[in-house]
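Chemist: Attaching a single structure in structure tokens format; questions to follow.
The values are calculated or read from the model by the stated rules, or taken from the named source; none is laboratory data. Quantities reported herein were computed from a predicted structural model and do not represent experimental measurements. Positions of Cβ are backbone-derived with ideal geometry, glycine not excepted, and every protein chain shown enters the neighbour counts. Surface accessibility is based on the protein's heavy atoms, side chains included, excluding ligands, DNA and RNA. Shrake-Rupley method; radii C 1.70, N 1.55, O 1.52, S 1.80 Å.
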Amino acid sequence: MFTLIHSFFSDSDDKVVMALQFANPLTGSRYTFHCGLARERSSNLDDKESFTKRMDDYRRSIELSANP
């Protein structure tokens, strides 16, 4: 069983970064999951709004599943 301690999301014109920090309450160990995506220069920036919404929904579902 893990507890979500902190979540971070950053969105800019050229990259998207997400980090989640978990703790194991039994051992006190902490773990950080970090991932990032780089946007290509030829990407469709008109789709940025829908991508940001999907990432917000994804982050929200992670937070809800970690805190039932």
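Chemist: For residue 52, work out the one condition from (1) at pLDDT 85 or above; (2) open to solvent by less than 50 Å² (accessible area, probe 1.4 Å); (3) touching a strand residue (DSSP E or B) at 6+ places or on another chain (Cβ under 7 Å); (4) of a type outside the set (Phe, Trp, Tyr) it doesn't fulfil.
Modeler: Failing condition for residue 52: (1).
Chemist: Mind counting the residues in segment 1-36 that are assigned to a loop (DSSP other than H, G, I, E, B) and of a type in the set (Asp, Glu)?
Modeler: Final tally of qualifying residues: 2.
Chemist: So residue 40 fits all but one of (1) exposed (fewer than 13 other Cβ atoms within 10 Å of the Cβ); (2) of a type outside the set (Phe, Trp, Tyr); (3) closer than 22 Å to residue 65 by Cβ; (4) modelled with pLDDT under 85; what number is the exception?
Modeler: (3)
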